[in-house]
Every structure is written in structure tokens, then in C-alpha cells.
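Notes follow the structure.
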Amino acid sequence: MGQITLEKVTKSFSDVQVIPPLDLTIEDGEFAVFVGPSGCGKSTLLRLIAGLEDTSSGHIRIDGKDATDLPPAKRGLAMVFQSYALYPHMSVRKNIAFPMKMAGIAQDEQERRIQQAAAALNLTDYLDRRPGQLSGGQRQRVAIGRAIVREPDAFLFDEPLSNLDAALRVGMRLEISELHSRLKTTMIYVTHDQVEAMTMADKIVVLRAGHIEQVGSPLDLYRTPRNLFVAGFIGSPKMNFIEGEMAGRHGAHTIGVRPEHIDVAEGKGEWSGVVGVAEHLGSDTFFHIHQTGLAETITVRAPGEVSFRHGDTIHLTPRPDQIHRFDDKGLRLE
Amino acid sequence: MARAVSTRKRAIYTVIAWTIGLLIFFPILWIFLTSFKTEADAIADPPLFFFFDWTTENYGIVQERSNYLRFLYNSIIISVGSTILGLLIAVPAAWSMAFVPGKRTKDILLWMLSTKMLPAVGVLYPIVLIARSLNIYDTYVLLIGVLTLINLPIIVWMLYTYFKEIPVDILEAARMDGASLRNEILYVLTPMALPGIASTMLLNIILAWNEAFWTLTLTTVDAAPLTAFIASYSSPEGLFYAKLSAASTMAIAPILVMGWFSQKQLVRGLTFGAVK
């Protein structure tokens, strides 16, 4: 079990309030991702749930029980740190065994769980090594192993993949997703990478300056962003924002169109511009288009290989049902 | 990362390193050699290097004339005692400064270090007066107390840099893993802090062992350590280089042996924070 509820939780560091009153419920078994730019308070929020920081006011409930004043050790949560935070003086085996040792689990049961975790995480051959002798990816696996053996009510991940190189990151992302579908334990995952959020989450919590901007499933956020911030943050490449007369024609202060929702043509289209940089990825082609009279740059994602060159004139047509409209406060218009 | 260093460059560096090493080592070697010379050979001009009549008579005379073991005992008591007392004070101090720093932590550290800039002789008079009025002149209490205070800034600084290097994440991980404060200290903090404490201890023993100004001025007989033992051969009956050298050799031998066996710890302690 691992339902986590925050009620009017706030956090201030000396005079600065980094988390204004905040309510949030994460259901049992859910994979929740806190995402936002650096400094948005997502890590602080996670540390409040972990108990590593004290709340300034409000309540944190775990499975309905008030955990606000419980020390981290008593909350039944496991955490995976960005820096892995392995015990450098202990072997991998002892690192993984440590939380079980603290919980007073019997020796043979400890050994059984270590073997199980090691097998699942490809660590069997490394159990007697020290963390210093492992690669970054292996260290991250040990940190995850240390978290799973104690069978916590929920896992907390604090940007666990940001110290890994790109290829490894994709691999570990899949492993963590797989782990979640196998264990069905609540997971809260903090990241600044919206791709991680989109690919892993059941529920994304978009944060800015301690405020929750929107909570929803990845596709909810993609399809119906509540405001300009979420619209710009979710999706890659970023949504194009157009103000002025063109927006007025759609009865909005600002309209937003995602790069993948604009069709390109040589001869005619609703808008036209000049191709600046063209990025050919093979599967897709990204065009950065200037001199449209709409915004400084309009980014377009065309499927497959499309042969426009730098300096070519290009015509653009946004798909009418994919135009997002926002009012002058940046809120979505339905 | 490995850098390409040409053979010639490496040869030059090797020569320089050896030269510096030998220069530092030479006085000790010279004392050692002189201790086996006769008094006449010791002051021979030009100096004799290896080819003289080797004799151990100096050691015999020194043994006869003064009670080496008594001085050795005092040295051990004073250096080990002041080190233990210093660590007892410095570990909690450095601990709190490293893990729960306040607004003035950096200032306090610098202020502590600044006391080392004061010439020792500046506080000689007050300390002698205090010792006399408390009636603790020439006692272990006085020497251990004074040496502890003299070396405390260094101990705190060393421990502070050590503790600073222990990542807070790891302590938090232990808390998340269910460790009580006691278990956190026992299984995580102590093992990670121990190498630092050990090298601080070794360095401080050496500093205290070699400290001469205070040990010479604050003792006469009862608490006099090996520094006083050496000094007793330096002047009263004129200069006897061979005997002085024999006494010096006997005084530095124990600490040299200790240093030899704990080289690794010592070097780590001295370069800690400098290399990462």
C-alpha cells in the first residue's frame, strides 16, 4: 500500500517560501512524475515526502496515517538519489543488505532477497565489489536494488538518471518502467526532462515556482495543456506560440501549434516563410522557419525525409483541430 | 588522465625529486652518522663522511648519564595524551561545523587558524605565570593542556576538511534506509570518518612529539620529554656533537618508526582536500 496525500503543505527556507500551500494525492500503485524547470521546488517536494526536510505547515499522509512528523526511517519509503549515495566502504552485497539489516530481517531472508534483486538488476557478478569499482549505470542499479529489497510502500526517485549518458539513460528508463509494472508499487519520480516524464508517468505533476501548474496523464497534458507554461514545457520540440492578428482571428490572445501539427507544402498553404536550419533525423525532419510574420521562428516537424533547403520558401498549414487557444492571462480557452 | 611525458622530462623530474628528497633527509643522516663518531671525528675539518672509526661509545655514555626511558615515557604520555584530548574536543567541533554550519562557521575556522600566527613566545609569560600560580609547572597536566591548545586549530581544520568530504546524501540515504541515529553513526559515519581521524591523530602525535618551545620552557625534570633530553646535551659542558647526535637519534627513532609504518595514512592526511 502506498497512497500519499499532501494537504496544504508549505515549505519556507528562512523567509523564502519555496512551496506555497499545495494539495496533491498520489494513488497507490501510481507512477507519478514531478517535472519542472530547475528551481521549481520539485526536489524539495520529494524531500518533504521523504521526511528529509520538515514541512513548514500542512500535513503529509501515507495510507491515511499522518506522517508529517515521522522521521524518514519510519515512513516506509525508499529513495534513489541522483548521486546514488551508496556506502563507499561497503560491498554491493552489504549496500543492498543495509536497509534489511536495519529492519532486522533474518539472515537467510536477506540473502534470498539480495539474490533476487541482483538477478533482476544484472548485479550477480558484482556483489562482492565496492561501489568505487562499478560504472555509473551499475551504481544506479545498486541504488535501486537497495531500495527494492526492503519492499517499501513507495519509491522516491530524485533525478536518478541525470548522471548517466544518453544511451544508458534510455535503458535505465525502460528498466525502471518495467520494475514499476512488475512491483506495482507507488513511485514518485522527479526529473527536469519532459521526455522522461512523458514516457514513464501515469500521472505528471508540472511544477513552477512551487505551484502545481497542472496534474494529469501524459496525453492529457499533451492534448489539453491548461496554460502556456505547460503547453511550452510538455512536448519536444516546443509548441509554437503565435500572438497578434493571427491569434485574434482564432478569437484568442495567443495560439499554440505543435511542430508536428503543421503540414508543409511547396506551392500553397495558410502561412509561408523561409527555411532557416533544417535538422534531418532520418525518421523526421525539423525545420526552423523564419520570416513568417507570425513569430520569430516557427518550428515544424515533418515526417520522414522532406527536401527543403536553407533559404527555400515553404508553405505551412496548421491542422485546425490542433490549434490551442489561450487568453491574455495565458490560460487555455475551450 | 595520463599525459604524455617525454623521457627527458621524466628524467629531469626524477633528478629534482631525488635532490629535494636527499636535501631534506641529509641532516637526519648526518646526525645518525655523527652519533657513531668520536668527538674528535665529529668536528673534523674537512668533515668525515663514511670513513671514520665507527664507535657506539656515545650511546653508552648517553645511557649512563641520563635516563632515556624516563624521557621517552614522558614524550609518549604528552604527545598521545594531548592528541587524545585534542580529538575529544575537535571531533564534535569539526563535526558540527561540517554538517550543521552556521552563519559564522567560516569566520570561526579562520579565527582559530589565526591564533597560529601569533608567535608562541607572545603568550609565554602569561602561561608561565598561570602555571606557577596553579602550581602545575613541570607536570603532565600543564604540558598536555598547552600542547592540546597549541595544536587544536590544526586538528579541527584537518577534521573539518575530512568531514566536509563525506557526502550528506549518504547520511540521508542511511536515514531513508531505516537507520536510527545510533546506527547511522555506527555503520555509516564512523567508517567513513575513521581514516580522516586516524591520519589527523598520527600527524598530531608527530607535531606534539617534536614540539620543543613549550616542552623546554615548561618542564625541568618530572615531565621533561625527549626534547629536553636532547637539549641537555647541547650546551652545559661545551659542545659535544657526537653525544648530542646520539641523543637526537634516540629521540627521533620512535617517531620515525611510527611514521614509517603509517606512511600511507599520513600522506593521505596531509594531501587531503588538495587532491580530489
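Which of (1) more than 21 Å from A:Arg173 (Cα to Cα); (2) under 27 Å from the mean Cα position of the chain (by Cα); (3) within 13 Å of chain B (Cβ to nearest Cβ) does A:Ile62 not meet, given it meets every other one?
Answer for A:Ile62: the failing condition is (3).
For (1) within 14 Å of chain A (Cβ to nearest Cβ); (2) among the small types (Gly, Ala, Ser), each residue gets a yes or a no:
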site	(1), (2)
B:Leu142	no, no
B:Leu159	no, no
B:Phe163	no, no
B:Glu172	yes, no
B:Met176	yes, no
B:Val188	yes, no
B:Thr219	no, no
B:Ala228	no, yes
B:Ser234	no, yes
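Identify, from the list A:Ser43, A:Ser38, the residue that is out of contact with any helix residue (DSSP H, G or I) (no Cβ under 9 Å at 6 or more places or on another chain) and surrounded by fewer than 17 Cβ atoms within 10 Å (Cβ to Cβ).
A:Ser38
Condition first: within 14 Å of chain B (Cβ to nearest Cβ) and touching a residue at least 40 places away in the same chain (Cβ under 8 Å). Can you find one or more residues in region A:112-131 that meet it?
So far as region A:112-131 goes, yes, one or more of its residues are within 14 Å of chain B (Cβ to nearest Cβ) and touching a residue at least 40 places away in the same chain (Cβ under 8 Å).
Given the conditions (1) closer than 17 Å to A:Ile255 by Cα; (2) in contact with a helix residue (DSSP H, G or I) (Cβ under 9 Å, 6 or more places away or on another chain); (3) touching a residue at least 24 places away in the same chain (Cβ under 8 Å); (4) of a type outside the set (D, E, K, R), report the number of the one that A:Gly293 does not fulfil.
Condition not satisfied by A:Gly293: (3).
Look through region B:120-140, keep the residues that are among the polar types (S, T, N, Q) and part of a loop (DSSP other than H, G, I, E, B), and return whichever of them is nearest to the chain's Cα centre (by Cα).
B:Thr139
Pull out all pairs, ordered by first then second residue, where Cβ-Cβ is under 8 Å, the residues are six or more apart or on different chains, the first lies in region B:42-67 and is surrounded by 12 or more Cβ atoms within 10 Å (Cβ to Cβ), and the second is β-branched (Val, Ile, Thr) and outside any helix (DSSP H, G or I).
Pairs that qualify, where the first residue is surrounded by 12 or more Cβ atoms within 10 Å (Cβ to Cβ) and the partner is β-branched (Val, Ile, Thr) and outside any helix (DSSP H, G or I), are B:Phe52/B:Thr38; B:Thr55/B:Thr38; B:Glu57/B:Thr38.
Failed condition for B:Asp138, given (1) among the acidic types (Asp, Glu); (2) more than 14 Å from chain A (Cβ to nearest Cβ); (3) crowded, with 19+ Cβ neighbours inside 10 Å, with all others met?
Of everything listed in (1) among the acidic types (Asp, Glu); (2) more than 14 Å from chain A (Cβ to nearest Cβ); (3) crowded, with 19+ Cβ neighbours inside 10 Å, B:Asp138 misses just condition (3).
Can you work out which of the residues in region A:44-59 that are more than 15 Å from A:Met187 (Cβ to Cβ) and of a type outside the set (Gly, Ala, Ser) is nearest to the other protein chains (Cβ to nearest Cβ)? Please lay out each step first, then the result.
Our first condition is that a residue be more than 15 Å from A:Met187 (Cβ to Cβ); within region A:44-59, this holds for A:44, A:47-48, A:51-59.
Filter once more, so that each one left must be of a type outside the set (Gly, Ala, Ser): A:44, A:47-48, A:52-55, A:59.
Values: A:Thr44: 14, A:Arg47: 8, A:Leu48: 13, A:Leu52: 5, A:Glu53: 10, A:Asp54: 13, A:Thr55: 16, A:His59: 20 Å.
If we take residues in region A:44-59 being more than 15 Å from A:Met187 (Cβ to Cβ) and of a type outside the set (Gly, Ala, Ser), then A:Leu52 is nearest to the other protein chains (Cβ to nearest Cβ).
Determine if region A:92-104 includes at least one residue that is touching a strand residue (DSSP E or B) at 6+ places or on another chain (Cβ under 7 Å), more than 14 Å from every other protein chain (Cβ to nearest Cβ) and either closer than 22 Å to B:Pro191 by Cα or surrounded by fewer than 17 Cβ atoms within 10 Å (Cβ to Cβ) (or both).
No, region A:92-104 contains no residue that is touching a strand residue (DSSP E or B) at 6+ places or on another chain (Cβ under 7 Å), more than 14 Å from every other protein chain (Cβ to nearest Cβ) and either closer than 22 Å to B:Pro191 by Cα or surrounded by fewer than 17 Cβ atoms within 10 Å (Cβ to Cβ) (or both).
Return the residues of region A:65-86 that are in a loop (DSSP other than H, G, I, E, B) and either among the β-branched types (Val, Ile, Thr) or more than 12 Å from chain B (Cβ to nearest Cβ) (or both); say none if nothing qualifies.
Filtering region A:65-86 down to residues in a loop (DSSP other than H, G, I, E, B) leaves A:67-71, A:75-76, A:81-86.
Residues satisfying the conditions are A:Ala67, A:Thr68, A:Asp69.
Each reported figure results from applying straightforward, stated rules to the coordinates on display, with no laboratory input. For clarity, every value in this text was computed on a predicted model and none was experimentally measured. Positions of Cβ are backbone-derived with ideal geometry, glycine not excepted, and every protein chain shown enters the neighbour counts.
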